[in-house]
Structures are given as structure tokens and as C-alpha cells.
Amino acid sequence: MLRMDLLQAWFSLSDEGVEDAVCDSYAMRRFLGLDFTVEQVPDATTLLHFRHLLEKHQLGRKLLESQGRSSRSRAGSCAGEPSSTRRSSPLRRR
């Protein structure tokens, strides 16, 4: 459901629009991890209820804050480490 909410935000789709887009787009189905032989696409009403739950418990904000902390901690751990792909001197053609 969270991935479906992300698709909706990224592509500026309505609840019904994201439902239709997932049905029509193989790439979106793969992103969601849906197998139509086993599962159905969540309908627009289910997506609306999910978004209301996120808002009620302020989970959207908490997810963004958590992602920001995670990104900062990864960036801090990489600082100062040499890159394994960096060359010590540039290649010159003669």
C-alpha cells in the first residue's frame, strides 16, 4: 500500500487513476510486487483508507524523518573512505 501511495504522489494520480495505472502498467505492477494470478490491485477506496490512517497517526512525517536519519547516517559512515573505483592519477592518452 505504501508503494502504491508513492506511485500516486510521484505521478500525480487520483485514487482511481493509480488503480487504473497499476492495472495497465507492467512496470508499476513489478514495483508493487503484484502477481495478478494470485493478488488483486487494491482499489481506490482501500487506498483512501490507507492514506487516512497515515494522516491520522502522522506516519508520513515519521517515515520521512526516519528516512532522513537513515540517509544522514549512511552518508556520515562513507565520509573520508577512499573510493574503490577512484584512480590515483588520471589516464592520459598518448
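The values are calculated or read from the model by the stated rules, or taken from the named source; none is laboratory data. Predicted model only: the values in this text are computed from it and were never measured. All Cβ positions, glycine included, derive from the backbone under ideal geometry; neighbour counts span all protein chains shown.
Of all residues in segment 16-32, none satisfies being within 16 Å of the chain's Cα centre (by Cα) and modelled with pLDDT under 90.
Here residue 61 fits the description: charged (D, E, K, R) and within 16 Å of the chain's Cα centre (by Cα). Cβ-Cβ contacts under 8 Å between residues 6 or more apart (or on different chains), taken from a first residue in segment 13-36 that is touching a residue at least 24 places away in the same chain (Cβ under 8 Å) to a second residue that is part of a helix (DSSP H, G or I) and not aliphatic (A, V, I, L, M), are listed as 14/8; 15/8; 15/45; 18/8; 31/3; 32/3; 33/3. Between 3, 74, the distinction of being in contact (Cβ under 8 Å) with a residue 24 or more places away in the chain, out of contact with any Ser or Thr (no Cβ under 6 Å at 6 or more places or on another chain) and part of a helix (DSSP H, G or I) belongs to 3 only.
Within segment 14-64, restricting attention to residues that are of a type in the set (Val, Ile, Thr) and either touching a Lys or Arg at 6+ places or on another chain (Cβ under 8 Å) or assigned to a loop (DSSP other than H, G, I, E, B) (or both), which residue is nearest to residue 1 (Cα to Cα)? Within segment 14-64, the match that is nearest to residue 1 (Cα to Cα) is 41.
Number of residues in segment 3-23 that are aromatic (Phe, Trp, Tyr) and closer than 17 Å to residue 49 by Cβ equals 0.
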